[in-house]
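Reading through the structure tokens given below for one structure.
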Amino acid sequence: MTIQETGYGNIQERAKWQLQRKGGKRVGYKWKGLDVIRGLPRKSHKPRSEARLANEQAMKLIMSVLTPLKLFIRMGFRYAAEPLNMSAFNLALSINKKHAIKGQYPDLEIDWDNLQISKGNLAGIKSLAAEWTDTGLRVSWDTDTGNAPGHAADLLSLAVYSTSEDYWWPFFNAATRDAGECELSHDKDWHSFEAHVVGFSVSYTGDAVSDSRHVHVPARS
């Protein structure tokens, strides 16, 4: 709920202070220049239902994946979030909680193929592939943009998740679209282990992004 302009002097400020009084059930605050009212969580002594437990587990799971990727998400969801008057992270959280979790409670897991760290109409990374080499992780893609808007000088940003280390390795502006491939430097702790690569393209002018793409990298025997 948003407090609209009333023309009554400081009535908005007085209302916010009243809402924030001890024992109040709502709180007012400013977000992106707007005055907002939200309800405070209510304490409940009732046993939590399975649906609530499943929702809590899903939220915890998706937060554990997205939180280390905040810098990617701020860039990747910025343009999709602004028209909705949402933060980039909240939009990413909403989309991924709905589409990037699979299984039944209590055995929920990440659906990596549907994980999104960016959303936009720029030409995406086609035919994304990755494999371990002796010196690092080789990532390749198709340079053709098809009918979607894109340019050879667009930049690719990649995030690599090491399942053995439970850690994300960031590679911002790793290569230009026309390069077709790049080799990411490795750490001895995760080289040759199973990994997930998620990446997206950013326009060379910096004002557009693509939907992200994912590829699974099996461990090297």
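The values are calculated or read from the model by the stated rules, or taken from the named source; none is laboratory data. This one's a predicted model, so the numbers in the text were calculated from it and none came from an experiment. Cβ coordinates were reconstructed from backbone atoms using ideal geometry, including for glycine residues, and neighbour counts include every protein chain displayed. We work out accessible area using only protein heavy atoms, side chains counted, and drop any ligands, DNA or RNA first. Shrake-Rupley method; radii C 1.70, N 1.55, O 1.52, S 1.80 Å.
Listed values, structure above:
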item: In the range 100-122, the residues that are touching a Lys or Arg at 6+ places or on another chain (Cβ under 8 Å) and either at pLDDT below 95 or open to solvent by 80 Å² or more (accessible area, probe 1.4 Å) (or both); result: Glu109
item: Selection count, the range 105-150, where residues are touching a His at 6+ places or on another chain (Cβ under 8 Å) and closer than 24 Å to Leu71 by Cβ; result: 9
item: Output for the range 94-145, where each listed residue is among the charged types (D, E, K, R) and under 24 Å from Glu194 (Cα atoms); result: Lys97, Lys102, Asp107, Glu109, Asp111, Asp113, Lys126, Glu131, Asp134, Arg138, Asp142
item: Tabulated pairs, the range 113-134, first more than 20 Å from Asp154 (Cα to Cα), second surrounded by fewer than 18 Cβ atoms within 10 Å (Cβ to Cβ), C-beta under 6 angstrom, 6+ apart or interchain; result: Asn114/His99; Glu131/Arg138; Trp132/Ser192; Trp132/Arg220
item: Any hit, the range 129-138, residues being among the aliphatic types (A, V, I, L, M), under 27 Å from Ala80 (Cα atoms) and either open to solvent by less than 30 Å² (accessible area, probe 1.4 Å) or not in a strand (DSSP E or B) (or both); result: no
item: Residue count, the range 34-58 (criterion: open to solvent by 70 Å² or more (accessible area, probe 1.4 Å) and of a type in the set (A, V, I, L, M)); result: 2
item: Test: residue in the range 171-184 that is surrounded by 19 or more Cβ atoms within 10 Å (Cβ to Cβ), assigned to a loop (DSSP other than H, G, I, E, B) and more than 17 Å from the chain's Cα centre (by Cα); result: no
